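Student: Before anything else, here's the structure in question.
The values are calculated or read from the model by the stated rules, or taken from the named source; none is laboratory data. Since the structure is predicted, the reported quantities are computational estimates derived from the model, not experimental observations. Glycine gets a Cβ as well: all are built from the backbone with ideal geometry, and neighbour counts include every protein chain shown. Accessible surface is based on the protein model in full, side chains and every heavy atom, while ligands, DNA and RNA are left aside. Shrake-Rupley method; radii C 1.70, N 1.55, O 1.52, S 1.80 Å.
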Amino acid sequence: MKAKSIKYILAAGLVCCGISTTMTSCSSVLDEQPRSTYDPSFFNTPTGIEGGLTALYAHLRYFYGNGYYLNTLETGTDEYTYAQSADGNFKDADLSGVGSVTPNSTVAGGAWNELFYNINTSNGIIENGTAANLSDALLAEAYFFRAFDYFILVQTYGGVPLDLGAGELKFNTTTIRTSVRNTVPEVYTKCIFPDLEKAVNDLPDNPRLIGTATKNLARLYLSKAYLTYAWWLENPNNIPTYPETTRDAGQAQSYFQKAFDMAKAAIDNPGPYGLQPTFYDVNVAKNDRNKEIMLYADHSENEKFGNGGAGYGWGNGGSPENFAYWMETWNYTEMTAVGTSGDMKVNPVQRETIQGLGRPWTRMAPVADAFLKGGVWEDDVKAIDSRYDATFTLRYHSNTGKPGANAGAWVYGANGMKINSGEVFFSFVDEATEGDIDWTPTKAMIKDGDKLVEQEVTRFGFGKLPGRADFVRSVKNISRKCYPINWKISISRTDTDNSYNNMVNGGSPRPWNVAKFSEFYLIAAEAAVKLGKNADAKEYVNVLRARAGKQTFSQNDNVAVSVDKSAEMVAATPATIDIDFILDERSREFWGEGYRWFDLVRTQKWAERASVYHIAGNDFGDTKLQEVKRDIPAGYYIRPIPQQQLDGMEMTADEKANYQNPAYRN
């Protein structure tokens, strides 16, 4: 992510992503205009205040959609590990002995280095907004974002400073080289709760513009903040926090109740939001910005305004591009096949700007445990839960016939069969079929110079099943080199003819979904479990499970279907709901989207669920799972303060050492 010194964050904090705006146009969307700098006096004008407000939305692009920030929230959990091409950023996060988390890691700086800018912008809007005749509803947007940013920070680092140099929650315009961290309860009770409560009260039911904050969006984060603070107070596994402070576990139940009540109020009064009819409809690109998405970091195919990244051509791999999907995409383009030319020079699946493919970086691989017996995607789940099909690219269709491919009309497949363009060349199959896979190499007479020599028709070491032309690999055998792509977050463009061009190597023009209405049901269910309300927990979980049983389109087969296994999904819900089942459901709803580390830290289940995982090796032919152990000490449930922050402060060595979270001190 962008390198910025904390001394500037704790000073003016007015860079605001380089965006100035006006909200006086007739457009129904935020009207973003490039601007090089801000001056504190800019916030003394209505135009400046409004510009700062829009900058708060723009700031979302500097961490949501950033692949290195996604790494900090997924790698090292029970969803993801590092992949074959991973660098130290991903190996550090895995905690499996191939790297280590230090104050210099990107794991440390992803949130801190961005959010204090925007907190200070919120402070400036709040302080100056009334004098500029800003309405309570517009001021509430600044209150929402200040709480939103602090909520991320307190979950990530523990207690953080409320005073940026001008006083607690005051707008700061001068460079300050000292800092004092507030405790976790102070951050919640002085800022997060009152700010979100005010936002709930003052924000409108309907967004003033497409994608802006509403009453129910504030309810979502207030209910989640209540839930998170309740767990922190209860502290069932004695996880330490910092700065050290007492916790009153006796208050936990009241906050669980507040979380339940707030989530229920939102579900009962949805306003413009609601669930999509199927899980596929939530995440398919043609339906982006649907009513289930309450907040997103926006992008578009128009690079003039609103993105700020490379967009076309080769992406920079940095904010504000939406390039996170690269990390979860294995290099499917390394698959080779024999085509009409008779030699092995054909890439049967080439890069394309369609959802489920895109640019591969092979940095993050799913752990195999998720697909094995007892995992969240075990065979019994796959058979009835449409979320599996609508989460992963499991079948890879040959696209040799597309414009620019120059690969011929067909390639050799398994069992001596031919695969035409548009047909499936390779598939991940269920664990249950693994024993049926024939791993005998498929061979054909292939040109070797002037001779025909019997050779394998693909070099990936794939298997085959009787009567099928596609090569296969069981999800039981996924490796750091070859694994299902996260279909939900990958690229899609409408401004191409889907031929081969460099657009596929840029950032995705799709919005990054930040907040979903569906999460209310899981917040309510989790709070209900903690309150001993099993019937309520089942009721709310089953709403999403029933939806997951319905399928009208199979993205992997690219065909309309008519499936309703809602009754089976509800029948498969356990009689008694526990936190582990809630975590399983959260994984199935939000897999690979950046929720997981927060979920495991909040429930204090990180070490229990992620300390051991399995995956095959780094090479093409690796299929045997290896057991890997992680060291997840209790002190790692909060991240280190970035070294950049410490280096920028004018404090004694002892003061700097005491500023750092204890687990990361030298």
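Student: Considering every residue within the stretch 175-182, establish whether at least one is modelled with pLDDT of 95 or more, within 29 Å of the chain's Cα centre (by Cα) and not hydroxyl-bearing (Ser, Thr, Tyr).
Tutor: Looking through the stretch 175-182, at least one residue is modelled with pLDDT of 95 or more, within 29 Å of the chain's Cα centre (by Cα) and not hydroxyl-bearing (Ser, Thr, Tyr).
Student: Let me ask you something else. Being within 26 Å of residue 201 (Cβ to Cβ) and not aliphatic (A, V, I, L, M) narrows it down to one residue among 288, 248, 268, 281; which is it?
Tutor: 268
Student: Moving to a separate point now. Given the residues 54, 106, 45, which is the only one that is modelled with pLDDT under 95, more than 17 Å from the chain's Cα centre (by Cα) and open to solvent by 10 Å² or more (accessible area, probe 1.4 Å)?
Tutor: When all the criteria are applied, what remains is 45.
Student: Residue by residue through the stretch 185-206, note down the ones that are surrounded by 21 or more Cβ atoms within 10 Å (Cβ to Cβ) and assigned to a loop (DSSP other than H, G, I, E, B).
Tutor: Once the filter is applied, which keeps residues that are surrounded by 21 or more Cβ atoms within 10 Å (Cβ to Cβ) and assigned to a loop (DSSP other than H, G, I, E, B), the stretch 185-206 yields only 203.
Student: Being under 30 Å from residue 372 (Cβ atoms) and hydrophobic (A, V, I, L, M, F, W, C) is the filter here; which residues of the stretch 626-666 pass it?
Tutor: Scanning the stretch 626-666 gives 628, 632, 634.
Student: Ok, one more. State yes or no: is residue 628 closer than 30 Å to residue 333 by Cα and aliphatic (A, V, I, L, M)?
Tutor: Considered against the rule, which asks whether it is closer than 30 Å to residue 333 by Cα and aliphatic (A, V, I, L, M), residue 628 comes out as yes.
Student: Okay, next question. Could you list, in sequence order, all residues of the stretch 342-369 that are within 17 Å of residue 329 (Cα to Cα) and part of a helix (DSSP H, G or I)?
Tutor: Within the stretch 342-369, 368 is the sole residue that qualifies.
Student: Determine, yes or no, whether residue 473 is outside any loop (DSSP other than H, G, I, E, B) and open to solvent by less than 50 Å² (accessible area, probe 1.4 Å).
Tutor: Yes: the conditions hold for residue 473.
Student: Output yes when any residue across the stretch 109-122 is among the β-branched types (Val, Ile, Thr), touching an Asp or Glu at 6+ places or on another chain (Cβ under 8 Å) and either surrounded by fewer than 24 Cβ atoms within 10 Å (Cβ to Cβ) or under 27 Å from residue 484 (Cα atoms) (or both), and no when none is.
Tutor: Checked against the condition, which is being among the β-branched types (Val, Ile, Thr), touching an Asp or Glu at 6+ places or on another chain (Cβ under 8 Å) and either surrounded by fewer than 24 Cβ atoms within 10 Å (Cβ to Cβ) or under 27 Å from residue 484 (Cα atoms) (or both), the stretch 109-122 yields no hits at all.
Student: Take residue 402 and decide whether it is under 23 Å from residue 326 (Cα atoms), open to solvent by 60 Å² or more (accessible area, probe 1.4 Å) and either among the aromatic types (Phe, Trp, Tyr) or not in a strand (DSSP E or B) (or both).
Tutor: Taking the combined requirement at face value, the residue satisfies it.
Student: Kindly establish whether residue 90 is among the hydrophobic types (A, V, I, L, M, F, W, C), closer than 21 Å to residue 54 by Cα and either open to solvent by less than 10 Å² (accessible area, probe 1.4 Å) or part of a loop (DSSP other than H, G, I, E, B) (or both).
Tutor: no
Student: Return the residues of the stretch 499-536 that are part of a helix (DSSP H, G or I), of a type in the set (Gly, Ala, Ser) and in contact with a Lys or Arg (Cβ under 9 Å, 6 or more places away or on another chain); say none if nothing qualifies.
Tutor: 524, 525, 527, 528, listed by residue number.
Student: Continuing with the same structure: Would you be able to say whether some residue in the stretch 209-228 is modelled with pLDDT under 95, crowded, with 23+ Cβ neighbours inside 10 Å, not small (Gly, Ala, Ser) and not in a helix (DSSP H, G or I)?
Tutor: Within the stretch 209-228, none of the residues are modelled with pLDDT under 95, crowded, with 23+ Cβ neighbours inside 10 Å, not small (Gly, Ala, Ser) and not in a helix (DSSP H, G or I).
Student: Next question, about the same structure. Could you run through the stretch 286-337 and say how many residues are at pLDDT 85 or above, over 23 Å from residue 515 (Cβ atoms), open to solvent by less than 30 Å² (accessible area, probe 1.4 Å) and part of a loop (DSSP other than H, G, I, E, B)?
Tutor: 6
Student: In the stretch 93-104, what count of residues is obtained for those that are assigned to a loop (DSSP other than H, G, I, E, B) and without any contact (Cβ under 8 Å) to a residue 60 or more places away in the chain?
Tutor: Qualifying residue count for the region: 3.
Student: With respect to the numbered conditions (1) at pLDDT below 85; (2) open to solvent by 60 Å² or more (accessible area, probe 1.4 Å); (3) not in a strand (DSSP E or B), which one is the sole condition not fulfilled by residue 447?
Tutor: Here residue 447 clears every test but (3).
Student: Quick one: count up the residues across the stretch 135-184 that are of a type outside the set (A, V, I, L, M, F, W, C), surrounded by fewer than 23 Cβ atoms within 10 Å (Cβ to Cβ), on the phi > 0 side of the Ramachandran plot and in contact (Cβ under 8 Å) with a residue 12 or more places away in the chain.
Tutor: Summing the residues that are of a type outside the set (A, V, I, L, M, F, W, C), surrounded by fewer than 23 Cβ atoms within 10 Å (Cβ to Cβ), on the phi > 0 side of the Ramachandran plot and in contact (Cβ under 8 Å) with a residue 12 or more places away in the chain in the stretch 135-184 gives 1.
Student: Return the residues of the stretch 245-265 that are outside any helix (DSSP H, G or I) and either open to solvent by 70 Å² or more (accessible area, probe 1.4 Å) or among the β-branched types (Val, Ile, Thr) (or both); say none if nothing qualifies.
Tutor: Hits for the stretch 245-265 are 245, 246, 248.
Student: OK, next. Go through the residues of the stretch 192-213 one by one and say whether even a single one is more than 24 Å from the chain's Cα centre (by Cα) and among the basic types (Lys, Arg).
Tutor: Among the residues of the stretch 192-213, at least one is more than 24 Å from the chain's Cα centre (by Cα) and among the basic types (Lys, Arg), which makes the answer yes.
Student: Please count how many residues of the stretch 412-437 are part of a strand (DSSP E or B) and closer than 30 Å to residue 375 by Cα.
Tutor: 6
Student: Separate question: Quickly run through the stretch 58-86 and pick out the residues that are over 24 Å from residue 392 (Cβ atoms) and outside any helix (DSSP H, G or I).
Tutor: 63
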